[in-house]
């Protein structure tokens, strides 16, 4: 799916998708010959993880840095480490 499609499914602006990929919250998306990003279901799941982690009511008591670390691990496809970090926080 293209940037606009994953953005719509995640209820964010397309620039947010690009930014999350740049910050490592999403694993790198392959590019078409024309330079367009091609996102998969994995990227959509990573977007949902990021959006859930950064919801305002979740970020209390300085949890933002920890949430960012967890989301970045997911973006690197290090799911075991991401789950372990999540469990330690909770």
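Overview of results
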{"read-out": "Criterion violated by residue 80 - all others in (1) at pLDDT 90 or above; (2) surrounded by 14 or more Cβ atoms within 10 Å (Cβ to Cβ); (3) farther than 15 Å from residue 3 by Cα satisfied", "value": "(2)"}
{"read-out": "Tally of residues being surrounded by 11 or more Cβ atoms within 10 Å (Cβ to Cβ) and not in a loop (DSSP other than H, G, I, E, B) across the stretch 23-36", "value": "0"}
{"read-out": "Filter pass, residue 8 being over 11 Å from the mean Cα position of the chain (by Cα) and within 22 Å of residue 86 (Cβ to Cβ)", "value": "no"}
{"read-out": "Selection count where residues are in a loop (DSSP other than H, G, I, E, B) and at pLDDT 95 or above, scope the stretch 37-58", "value": "3"}
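The values are calculated or read from the model by the stated rules, or taken from the named source; none is laboratory data. Keep in mind it's a predicted model, so treat the numbers as computed, not measured. Glycine also receives a Cβ, built like all others from the backbone with ideal geometry; neighbour counts cover every protein chain displayed.
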